[in-house]
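*Asks:* One structure coming up, written as structure tokens, with questions to follow.
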């Protein structure tokens with residue numbers, strides 16, 4: 001009897017999967033992270049020291065320190081392994097964020113390419129070098145884009161190795177805004193969705209087991225036509241929308257504009273598997289920005305009124321677990 005119990009115990013030790021290690025993957029639209037230097041190639045005049053908004057070095061550093069505090073808190077004071085970002089002006093602001101604030105100790109690397117956006121609003125990715133090794137990165141233009149007056153942000157595609165063994169593709173998105181209403185802007189976001197789907201198709205054609213995660217500010221919600229067109233990925237934020245929560249507030253309406261989508265190879269993977277997606281919330285991220293609207297994300301600006309907060313969007317995150325087997329390395 002004792003021998004049988006011993007053998008069963010040994011068998012369990014070798015076959016029961018355990019979440020041996022996890023990596024936090026996050027996204028945050030950080031709302032107009034500009035430096036204070038005029039760049040004649042883009043329309044950044046609004047964010048200069050002598051501009052109407054008086055975007056001074058002091059206010060810039062306040063913004064950087066505010067962001068770094070929240071980024072660290074996203075993962076119990078250590079920061080996420082990978083953070084996709086939207087609304088950053090250039091590589092310099094990312095260098096300042098990762099080297100001139102408390103983030104410095106985390107040794108973040110940077111992936112950034114200039115976009116075609118006239119305001120210089122780019123997407124980017126920062127990552128802990130000990131957790132993720134970047135192999136390649138590309139900007140993929142949104143196919144079929146015809147509105148040259150307002151060129152949209154390209155999709156940032158990053159291929160890397162997570163935890164030294166597992167290849168992971170991360171795509172950072174910032175789809176066209178709702179400028180002009182749904183009838184005018186909806187088709188633009190659908191073009192972005194179709195581009196994202198084509199990228200997924202291409203990756204899966206090369207390797208059907210590709211592990212893909214797409215995150216960003218999609219300016220649409222999980223069940224809108226654009227997101228439903230991305231059939232290769234599962235939207236992990238759908239249940240959050242159904243629960244009535246949101247990442248962006250307009251008056252008293254909450255919208256889930258910031259989302260995380262994953263491939264089935266991550267959603268039900270055997271070596272890597274993702275958990276539930278969450279909105280990251282802290283009390284200090286909220287304030288009554290507009291009287292009578294109640295608490296909403298404490299942003300940097302409310303129109304021309306300087307608030308000195310964080311962003312008009314809330315961060316979102318998900319954990320990816322490496323599935324281990326006891327007794328095996």
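The values are calculated or read from the model by the stated rules, or taken from the named source; none is laboratory data. From a predicted model like this one, the values you see are computed outputs, not experimental measurements. No Cβ is skipped: glycine too gets one built from the backbone with ideal geometry, and neighbour counts run over all protein chains shown.
*Asks:* Would you call residue 125 surrounded by 16 or more Cβ atoms within 10 Å (Cβ to Cβ), touching a residue at least 24 places away in the same chain (Cβ under 8 Å) and either under 18 Å from the mean Cα position of the chain (by Cα) or part of a strand (DSSP E or B) (or both)?
*Replies:* It is true that residue 125 is surrounded by 16 or more Cβ atoms within 10 Å (Cβ to Cβ), touching a residue at least 24 places away in the same chain (Cβ under 8 Å) and either under 18 Å from the mean Cα position of the chain (by Cα) or part of a strand (DSSP E or B) (or both).
*Asks:* Just a yes or no: is a residue in the stretch 265-279 free of Cβ contacts under 8 Å to residues at least 24 places away in the same chain and closer than 22 Å to residue 68 by Cβ?
*Replies:* no
*Asks:* Take the stretch 28-46 and flag every residue that is on the phi < 0 side of the Ramachandran plot and in contact with a strand residue (DSSP E or B) (Cβ under 7 Å, 6 or more places away or on another chain).
*Replies:* 28, 29, 30, 33
*Asks:* How many residues are in a strand (DSSP E or B), surrounded by fewer than 17 Cβ atoms within 10 Å (Cβ to Cβ) and in contact with a helix residue (DSSP H, G or I) (Cβ under 9 Å, 6 or more places away or on another chain) if we restrict to the stretch 128-142?
*Replies:* 1
*Asks:* Would you check if there is a residue in the stretch 238-260 being modelled with pLDDT under 95 and within 25 Å of residue 209 (Cα to Cα)?
*Replies:* Yes.
*Asks:* For the stretch 265-305, enumerate the residues that are closer than 28 Å to residue 201 by Cβ and exposed (fewer than 13 other Cβ atoms within 10 Å of the Cβ).
*Replies:* 268, 270, 276
*Asks:* What single numbered condition from (1) outside any loop (DSSP other than H, G, I, E, B); (2) within 29 Å of residue 51 (Cβ to Cβ); (3) in contact with a strand residue (DSSP E or B) (Cβ under 9 Å, 6 or more places away or on another chain) fails to hold for residue 309?
*Replies:* It fails just one condition, (1).
*Asks:* Between 70, 121, 110, which is under 27 Å from residue 219 (Cα atoms) and in contact with a helix residue (DSSP H, G or I) (Cβ under 6 Å, 6 or more places away or on another chain)?
*Replies:* Every option except 110 fails the conditions.
*Asks:* Any idea which of (1) assigned to a loop (DSSP other than H, G, I, E, B); (2) surrounded by fewer than 22 Cβ atoms within 10 Å (Cβ to Cβ); (3) on the phi > 0 side of the Ramachandran plot is the one residue 53 doesn't satisfy?
*Replies:* Status for residue 53: all satisfied but (3).
Here is a yes/no grid of residues against (1) part of a loop (DSSP other than H, G, I, E, B); (2) within 27 Å of residue 23 (Cβ to Cβ):
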position	(1), (2)
78	yes, yes
85	no, yes
110	no, yes
118	yes, no
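*Asks:* Moving on. Can you list the strands (runs of 3 or more DSSP E) lying wholly within the stretch 226-265 that have 1 or more residues being farther than 23 Å from residue 194 by Cβ?
*Replies:* Answer list for the stretch 226-265: 248-250, 253-255.
*Asks:* Right, another one. Being loosely packed, with under 14 Cβ neighbours inside 10 Å and either under 24 Å from residue 59 (Cβ atoms) or in contact (Cβ under 8 Å) with a residue 40 or more places away in the chain (or both) is the filter here, so list the residues in the stretch 103-122 that pass it.
*Replies:* Of everything in the stretch 103-122, those that are loosely packed, with under 14 Cβ neighbours inside 10 Å and either under 24 Å from residue 59 (Cβ atoms) or in contact (Cβ under 8 Å) with a residue 40 or more places away in the chain (or both) turn out to be 104, 113, 118.
*Asks:* Moving on to the next point. Collect the residues in the stretch 72-82 that are buried (at least 22 other Cβ atoms within 10 Å of the Cβ) and touching a residue at least 60 places away in the same chain (Cβ under 8 Å), keeping them in residue-number order.
*Replies:* Once the filter is applied, which keeps residues that are buried (at least 22 other Cβ atoms within 10 Å of the Cβ) and touching a residue at least 60 places away in the same chain (Cβ under 8 Å), the stretch 72-82 yields 80, 81, 82.
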